[in-house]
Amino acid sequence: MSANEKAGGKSKPWSGRFSEPVTDLVKRFTASVAFDQRLAEFDIGGSLAHARMLHAVGILTKTDLAAIERGLAQILDEIRAGGFVWSLDLEDVHLNIERRLTDLVGDAGKRLHTARSRNDQVATDVRLYLRASIDHLLALIKSLQRALLELAEKHAETVMPGFTHLQVAQPVSFGHHLLAYFEMLARDAQRLADCRKRLNKLPLGAAALAGTSFPIDRLMVAKELGFDGVCENSLDAVSDRDFAIEFCAAAALVMTHLSRFCEELVLWMSPRFGFIDIADRFCTGSSIMPQKKNPDVAELIRGKTGRVNGHLVALLTLMKAQPLAYNKDNQEDKEPLFDTVDTLTMSLAVFAEMLGGVKVNAAAMREAALQGYATATDLADYLVKKGVPFREAHEAVAQAVRFAETRNCGLAELRLPDLRQFSPLIGKDVFEALTLEGSMKSRSHLGGTAPTRVKAAIAKARKGL
C-alpha cells in the first residue's frame, strides 16, 4: 500500500517511492498552486501542442488526442468561468490540470505526460506567460509615450528652468523636458523587446534534464506555440532563469524612469514650485489637515520602484548557487516575477492616466526660469561669438553675475554700461541673447531645446510609434 493510500487520499504521481505521506505543514510549505495557477491557460496551450506532436510522431492515437483536446477545452472553460476547483494536495497548476483531465477522459489524460517532465513544462509555461506579459507592457509603454507627446506638443514653447544639482541652470522648453522621458521609455521598450527575443525559445522536450528516448519533434511544438526556436541544451533548458532575471532588470529600469518622473511631479506640485497641478482623482487628502492635496499616486509609484528592485535582487540571489540542473529553489522565481509584472503593469497604466490630468502653470515656470541667472551661459556664448576665448568669457560672466547679485536683479535688468564694464565687446544686441525665449531659440540643433526642434522631435516620435 502506498503512502497516500495509507493516508486515505488520492495518490500523487510520485508517491510510489515513499513509505509515508508528507505532513500537512510540508504540503503547505511546498505547494505553489496558490500563485502558479495564473499559468493555467499557458499550461493548457503547451499541453495541447505537446499532445498534437505526440500524435504526429505516432505516440498518441487519434482517439486519445481527441479526448485530450476535448478535456482540456472543458478545463479551460471551467477556469475562465471560475468553477475550477484547485487542490492544495496536488501541489501545483500542472498536477491540478492533469488530475482533472484524467477524471474527465481517463487513460488518455494519463498518457499526456509522455516524453515530458514538470521541469520542462513549467519552464515553457513561464516563458509563454512572460512573453504575453511583455507584449502587454510594450503596449502600455506606447500609451504612456503618446500621453507624453500630447502634453509636450501643447508646451513646446512653454519655458521652464532646466536644472542641474536641482539648481537653476538654463532655460528649456517644458516640451523638451517631457521628451527626455519619452527617450527613456523608448530605451525601455527596446530592452523589453530584446528580452522577449531571448526568452522566445522552447524548453519543452528537455524532459527532466536529459531529454527523452521518445522520437519527439520539438520544432513542431515550437512552431505551434510561436517560439522562434528551441533551447539547444536540455540541462540549460530546465534550469535557466536568465530570461526572468533579464526581464526584472528591464522592469527595474522602467520603474526607475517612472520614479524619477514622479519625483519631479511631486516637487513641481509643491507650492514652492507651483509648476503643475495633478487632477484631484489622482490625489488624496489628510485625515487631520483639511487643506492637504497629496500626490499619492506619484509617491506610490516612486515607492513601488524599491519593490521591483528587490525582486531583481531576489532572483539573482535565488540563482547564484544552484548546480545544474533543476532544483526546487526555482519554485521561488514565480512570486517575484509575477509581482514585478503586476506592479509594472499597474504603474504604467495609472501613470499614463495621471499624466492626462496634469495642468501646467506656465507663468510659474517662466517666473522660476527668471531666477538663478539661467541665461548666464548665453552671455558667455555671446562673448565667444564676439571673439573672446570661452574661459575668459566664463570669468567675465561670473563677475557680471556677482555684480547683479549685489543689485538684486537679473542679467537682463542690468544697464548696458554696467554690462560693458565686464567686456567692451558687449553691445545693445546682448539683450536679445539674455531673454528666456532667445536662449531657447538659439539652441536650434538636433536634440536642442529650441521650440522648432522640439516640434520636429515630436513629429518624428509620433511617426516612430
### Task
Tally up the carbon and sulfur contribution to the accessible surface of the chain as a whole percent, 1.4 Å probe, everything protein left in place.
54 percent
### Degrees separating the helix 451-464 axis from the principal Cα axis of the chain, which is the longest one
10 degrees
### Task
For ALA459 and LEU219, calculate 0.36 nm times their separation in residues minus their Cα-Cα distance, and state this gained length in nm to one decimal.
82.1 nm
## Note on the structure
Contour minus Cα-Cα span, THR63 to GLU437, at 0.36 nm per residue, comes to 126.9 nm
### Task
Excluding residues fewer than 8 places away in the same chain, name every one of the lysines whose C-alpha is closer than 16 Å to that of LYS455.
LYS154, LYS441, LYS463
### Task
Please give the calculated 222 nm ellipticity per residue for the chain, where each DSSP H segment of at least 4 residues contributes -39500 (n - 2.57) and the sum is spread over every residue; nearest 500 deg cm²/dmol?
-20000 deg cm²/dmol
### Summary
Between the modelled labels at THR317 and ARG38 (7 Å from Cα along Cα→Cβ) the distance in nm is 2.1 nm
### Task
Whole number in Å², please: accessible area per residue of the range 320-403, 1.4 Å probe, ligands, DNA and RNA not counted.
49 Å²
### Message
Over the range 277-351, what is the relative contact order in percent, taking alpha-carbon pairs closer than 8 angstrom and at least six residues apart?
### Response
25 percent
### Task
Can you tell me which of 25-34, 364-373 comes out highest on packing, and rank the rest after it, using the mean Cβ neighbours within 10 Å?
364-373, 25-34
### Message
Once R0 is set to 51 Å, what does the formula 1/(1 + (r/R0)^6) return for the Cβ-Cβ distance between LEU446 and LYS27, expressed as a FRET efficiency to the nearest 0.05?
### Response
0.20
### Query
Fully extended, how many nm does the chain gain between GLU20 and GLU395 (0.36 nm per residue separation, minus their Cα-Cα distance)?
126.5 nm
### Query
Can you flag which of LYS27/LYS142; LYS62/LYS201; LYS223/LYS334 are past 32 Å Cα-Cα?
LYS27/LYS142
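The values are calculated or read from the model by the stated rules, or taken from the named source; none is laboratory data. Owing to the predicted nature of the structure, the values given are computational and were not obtained by experimental measurement. Backbone-built Cβ (ideal geometry, glycine too); neighbour counts: all protein chains shown. Only protein heavy atoms, including side chains, enter the accessible area calculation; ligands, DNA and RNA are left aside. Shrake-Rupley method; radii C 1.70, N 1.55, O 1.52, S 1.80 Å.
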